[in-house]
1. Looking at segment 38-53, which of its residues are within 16 Å of the chain's Cα centre (by Cα) and buried (at least 17 other Cβ atoms within 10 Å of the Cβ)?
2. From (1) loosely packed, with under 15 Cβ neighbours inside 10 Å; (2) under 12 Å from residue 139 (Cα atoms), pick out the condition that doesn't hold for residue 79.
3. From (1) over 17 Å from the mean Cα position of the chain (by Cα); (2) touching a residue at least 24 places away in the same chain (Cβ under 8 Å); (3) surrounded by 14 or more Cβ atoms within 10 Å (Cβ to Cβ), pick out the condition that doesn't hold for residue 102.
4. Could you check, for segment 84-97, whether at least one of its residues is surrounded by 12 or more Cβ atoms within 10 Å (Cβ to Cβ) and more than 20 Å from residue 143 (Cβ to Cβ)?
5. For segment 105-154, give me each residue that is farther than 23 Å from residue 38 by Cβ and within 18 Å of the chain's Cα centre (by Cα).
6. Is segment 40-58 home to any residue that is in a helix (DSSP H, G or I), touching a strand residue (DSSP E or B) at 6+ places or on another chain (Cβ under 9 Å) and at pLDDT 95 or above?
């Protein structure tokens, strides 16, 4: 009789064990995916002022860099990433349109970030100096620029 009861419980114990293994596997996969980037930076645009662009840090580790772009303003913005030795405040105006600046060392552009919008993008970046900016007419002049330094890594 005891042997029969033990055999009846065995499938339930195996099922509970398998369910636990599946949950651990899901949790581990999510943890690995969340930690895949070497650096994660949040870039807030449009707050505190409409023409502000604020990174969560001024320096980070080079390698896989994830940018979380948030437009908290009331108008559309864009995000441009430049790898350049030129400081953000020193970019030259374009000859054909002085309301925009030249984009030396162009690396990335995300256009049309709507008010309230959020975009997440990750890319491999080498160590060095970068400029973050919005180059919609007048936005750079209004203050939508920041310097970023990536250290170590690749």
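1. As a first pass, look at segment 38-53 and keep what is within 16 Å of the chain's Cα centre (by Cα): 38-45, 53.
Answer for segment 38-53, where residues must be within 16 Å of the chain's Cα centre (by Cα) and buried (at least 17 other Cβ atoms within 10 Å of the Cβ): 38, 39, 40, 41, 43, 44, 45, 53.
2. (1)
3. The one condition residue 102 does not meet is (2).
4. Scanning segment 84-97, I find no residue that is surrounded by 12 or more Cβ atoms within 10 Å (Cβ to Cβ) and more than 20 Å from residue 143 (Cβ to Cβ), so the answer is no.
5. 111, 112, 113, 114, 115, 116, 117, 134, 144, 145
6. If we filter segment 40-58 for residues that are in a helix (DSSP H, G or I), which is where we start, we get none.
No, segment 40-58 has no match at all.
The values are calculated or read from the model by the stated rules, or taken from the named source; none is laboratory data. Quantities reported herein were computed from a predicted structural model and do not represent experimental measurements. Cβ: placed from backbone, ideal geometry, glycine included. Neighbour counts: every protein chain shown.
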